[in-house]
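Beneath this line is the structure, given in structure tokens, with notes to follow.
The values are calculated or read from the model by the stated rules, or taken from the named source; none is laboratory data. Quick caveat: nothing in here was measured; it's all calculated off a predicted structure. Here the Cβ positions follow ideal geometry from the backbone for every residue, glycine too, while neighbour counts run over all protein chains shown. These area figures cover heavy atoms from the full protein model, side chains too; ligands, DNA and RNA do not enter into them. Shrake-Rupley method; radii C 1.70, N 1.55, O 1.52, S 1.80 Å.
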Amino acid sequence: MSIGKKTPAKAAAKKAPARTKAATGKVAKTPAPEGHAAPIPADLLALRERIDGIDRHIQQLIAERAQFANQVGKAKGKLAAAVDYYRPEREAQVLRRVVDRNDGPLNDEVLVRLFREIMSACLAQQEPLKIGYLGPEGTHSQQAVYKHFGHSIHGLPLGSIEEVFQEVEAGHADFGVVPVENSTQGTIQSTLDMFLTSKLKICGEVELRVHQHLLSRSGRIEDIERVYSHPQSFAQCKAWLRQYLPKAEKIAVGSNAEAARRARSADDAAAIAGISAANVYGLKSIAGPIEDRPDNTTRFLVLGRELFPTSGNDRTSLLVFIKDQPGALHHVLAPFARHGLSMNRIESRPGHTGLWQYAFFIDVGGHVHDEAMRRALDELDEYAQEVKVLGSYPVAIA
Ligand SMILES: O=C(O)C(=O)C[C@]1(C(=O)O)C=C[C@@H](O)C=C1
């Protein structure tokens, strides 16, 4: 039977197992022949009927919601592409309301995921978004893409962080997702450096709890003589490797998915990667999670070509090139404090503008269109050589 075809209710009723004495709680002497489900107790049947009713209701509501989302799309006028219908600030507001309303039993993360999927499907009615990410399939970057955009998108696995920037700049991808920092390992410098020259805007952030697994073809740790992984993942699992595989050769590769691909072709090789790589590459998990810190989290940035309006709880990323004069850094930071804006992060990188010239990556709470931020930036202009607004975007949700 193909999915989507309506099953006649009568046919379904015919197939339902006959109620027997066992349904009243007595144990049947002969076990049910293989392939036949055990009789269903009456209380369970009643509960399932309730669930069936709720499912019908949810389905009606989702269909209704999709129709309204379609109308919203039409109200936006005739736009050129799916990307023009996407509104990250509105999605963030919808999801924050979901979190505010949540009284359990499902946790915030689960509910946000479900609502993301609904919005993702609603948006894809126009046309699925094309999202570039650091591939191949099975990487944590791909998981971050799904976490932020849902599954109703067209994912474009790319060879490097640089390529993700290029494909979004060229318009081949609507958005890109790149890792920027890890709670155990710190900043991914290659991502920050791309912003020195790129015109792209940051229009979102994703926080992903990263769980690492040791994967291999046989699933036996005693077979393992070589381990492949990305250098960041090796660093996240350093203590575990020292304890359980001190003698194995550690071979760094470009991505965890590439590690899984290599481990697939030898019995004495393993990969450190996310569990989704096990499914994609047909490997077994020997152990996991094996990261040294249980709160190991990677933050990803969403790259786009335009700045979106405020969502009400935003972060602004700035790139500030400072003048070479006494107290310059102090003058750069003081305006934010004066206007009550909190700074979450500051990182310096060689500015590529001259020897010993530095650029500062600064994250501040608020949106560039906020009055306080506008004033702070005006004051900053006096002391900075150049200020580049990399983006204002909703703070990550669940
Ligand atoms: O509110 C909108 O602008 C919509 O297009 C609807 C909707 C939604 O499903 O709620 C869909 C896609 C947008 O990215 C934001 C929200």
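Please check which bits of the stretch 166-185 a label hung off Glu127 would reach, taking the label as a point 7 Å along Cα-to-C-beta and the cut-off as backbone N under 19 Å.
167-176
Determine the dipole magnitude for the stretch 44-151: charges of +1 sit on the beta-carbon of Lys and Arg, -1 on that of Asp and Glu, nothing else is charged, the reference point is the Cα centre, and the result goes in debye to the nearest 20.
Numbers: 16 positive and 14 negative charges, 69 e Å.
With Lys and Arg at +1 and Asp and Glu at -1, about 340 debye.
Eigenvalues of the Cα gyration tensor times 5, then square-rooted: what semi-axes does that give for the stretch 213-294, in whole angstrom, largest first? Please report the intermediate quantities before stating the final value.
Working: eigenvalues 51, 37, 28 Å².
Computed over the stretch 213-294, the values are 16, 14, 12 Å.
From Cα pairs below 8 angstrom and at least 6 apart in sequence, can you work out the relative contact order of the chain, rounded to a whole percent? Each step should come with its number before you reach the end.
Values: 733 pairs, mean separation 62.5, N = 398.
Normalised by residue count, the contact order of the chain is 16 percent.
For the stretch 65-144, compute Rh as the Kirkwood radius over C-alpha pairs and then the Stokes-Einstein diffusion coefficient at 25 °C and 0.890 mPa s; write the answer in µm²/s, rounded to an integer.
172 µm²/s
What are the residues whose amide H is under 5 Å from the amide H of Ile286, where those residues sit 5 or more places off or on another chain and H is modelled from the backbone?
Hits under the 5 Å cutoff: Leu214, Leu215, Ser216.
Give me the distance between the Cα centres of the stretch 376-398 and the stretch 94-168, rounded to whole Å.
With the stretch 376-398 and the stretch 94-168 each reduced to a Cα centre, they are spaced 26 Å.
For the stretch 309-394, which semi-axes, largest first and in whole Å, follow from the square roots of 5 times the eigenvalues of its Cα gyration tensor? Each step should come with its number before you reach the end.
Numbers: eigenvalues 98, 37, 20 Å².
Working from the Cα gyration tensor, I get semi-axes of 22, 14, 10 Å.
Read phi for every residue in the stretch 296-307 and hand back ³J(HN,Hα) as whole Hz from Karplus 6.51 cos²θ - 1.76 cosθ + 1.60, θ = phi - 60°, with x for Gly and Pro.
Going residue by residue, I get 3, 10, 10, 9, 10, 10, 9, 9, x, 9, 9, 8 Hz, with x marking Gly and Pro.
Go through 92-101, 176-185, 214-223 and give me the packing order, highest mean Cβ count within 10 Å leading. Write out the running numbers ahead of the final one.
Values: 92-101: 15.2, 176-185: 21.8, 214-223: 17.9.
Result, highest mean first: 176-185, 214-223, 92-101.
Using the charge dipole of the chain (Lys, Arg: +1 at Cβ; Asp, Glu: -1 at Cβ; taken about the Cα centre), state which of Ala277, Ala42, Ala334 has its Cα farthest towards the positive end.
Ala42
Which whole-percent values make up P(r) of the chain when all C-alpha to C-alpha distances are grouped in 20 Å steps starting at zero?
22, 46, 27, 5, 0
At a Förster radius of 56 Å, what calculated FRET efficiency corresponds to the Cβ-Cβ distance of Glu347 and Arg56, to the nearest 0.05?
Values: r = 52 Å, r/R0 = 0.93.
Efficiency at R0 = 56 Å is approximately 0.60.
Just the accessible area per residue of the chain, please: how many Å² with a 1.4 Å probe?
About 55 Å² of surface per residue is accessible.
Keeping all protein chains in the complex and leaving out DNA, RNA and ligands, what accessible area do you get for Met343 with a 1.4 Å probe, in Å² to the nearest 10?
70 Å²
What's the carbon and sulfur percent of the chain's accessible surface, probe 1.4 angstrom, rounded to a whole number? Could the numbers behind the result be given before it?
Numbers: 11670 of 21880 Å².
On the chain, the fraction of accessible area on carbon and sulfur atoms equals 53 percent.
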